[in-house]
Amino acid sequence: MIKRRNNNKRSRFSILFPILTILGIGIIAVLTSGYEKSWTFNWNGIESNIKDSISVYKYQSISSGIGGNGRAIPEEIESRKWIMENATESELLRLTEFPNGNIKAIAYEGLLRKKNFKNKVELISNAINDTIYSVYYQSGCLGDELKVGEYLVQNVLMIDDRIPPFRPELITDFGLSEFEKQKILTEFHNRKK
């Protein structure tokens, strides 16, 4: 008589192993698909009221203050202004590293609006070269996706000579000389796209 080996344990394992592997990969994929880089942002040195405002604003687009059908929406501008006015220079510098283009744009713009901030040309240069995240800008019924540097040069500084000029009363003076503006514009036009 020939003895048969009991292969039940081996056959169970050979069936169960691929199923568990596929199930494990599926669970890992589901868990990591919702990951956001902002979860690991280091908030040290940023006050809780600024953090709370950032947490709310990171899901909004930056608005010109004009909504659909030409309706004014000042509260959208006011919440952005509040962050820029109430965050310190060091907090805004820290927020230029936040993994969200809208928050980066608010931080850069806030630093430009600080009269005592000295390195504005270098700051704008950093923004022009910051091409990883996009700014979502909305004016009226139109929305646009811009790089942070594009938003600053075209919609904040308003110095891009490739778009129609703005009315003089709309342009804010950020304390930049004509030479500095030209230097920024040259770097902006020569940037990698």
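The values are calculated or read from the model by the stated rules, or taken from the named source; none is laboratory data. Small disclaimer: the values here were computed from a predicted structure and weren't measured. Positions of Cβ are backbone-derived with ideal geometry, glycine not excepted, and every protein chain shown enters the neighbour counts. All accessible areas refer to the heavy atoms of the entire protein, side chains included, with ligands and DNA or RNA removed. Shrake-Rupley method; radii C 1.70, N 1.55, O 1.52, S 1.80 Å.
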Name every residue in the range 154-182 that is closer than 22 Å to Phe117 by Cα and among the charged types (D, E, K, R), in order of residue number. Asp173, Glu178, Glu180, Lys181
Those residues of the range 15-41 that are at pLDDT 75 or above and among the small types (Gly, Ala, Ser) come to a total of 3
For Ile184, indicate whether it is part of a loop (DSSP other than H, G, I, E, B) and among the hydrophobic types (A, V, I, L, M, F, W, C). no
The range 93-131, subset free of Cβ contacts under 8 Å to residues at least 40 places away in the same chain and touching a strand residue (DSSP E or B) at 6+ places or on another chain (Cβ under 9 Å), residue most open to solvent (accessible area, probe 1.4 Å): Asp130
Mind checking which pairs have a first residue in the range 179-193 that is β-branched (Val, Ile, Thr) and a second that is open to solvent by less than 50 Å² (accessible area, probe 1.4 Å), Cβ under 8 Å, 6 or more apart or different chains? Ile184/Val121; Ile184/Ile124; Ile184/Ser125; Ile184/Ile128; Ile184/Val153; Ile184/Leu157; Ile184/Ile159; Ile184/Leu176
Test: Arg94 is within 29 Å of Trp39 (Cα to Cα) and touching a Ser or Thr at 6+ places or on another chain (Cβ under 9 Å): no
If we keep just the residues of the range 50-65 that are open to solvent by 10 Å² or more (accessible area, probe 1.4 Å) and under 14 Å from the mean Cα position of the chain (by Cα), which is modelled with the highest pLDDT? Ser55
Of all residues making up the range 26-39, the number that are open to solvent by 100 Å² or more (accessible area, probe 1.4 Å) and not in a loop (DSSP other than H, G, I, E, B): 5
Quick check on my filter: what residues within the range 139-158 are open to solvent by 30 Å² or more (accessible area, probe 1.4 Å) and under 22 Å from Lys120 (Cβ atoms)? Lys147, Glu150, Gln154, Asn155, Met158
Is the range 82-101 home to any residue that is at pLDDT below 95, under 15 Å from the mean Cα position of the chain (by Cα) and small (Gly, Ala, Ser)? yes
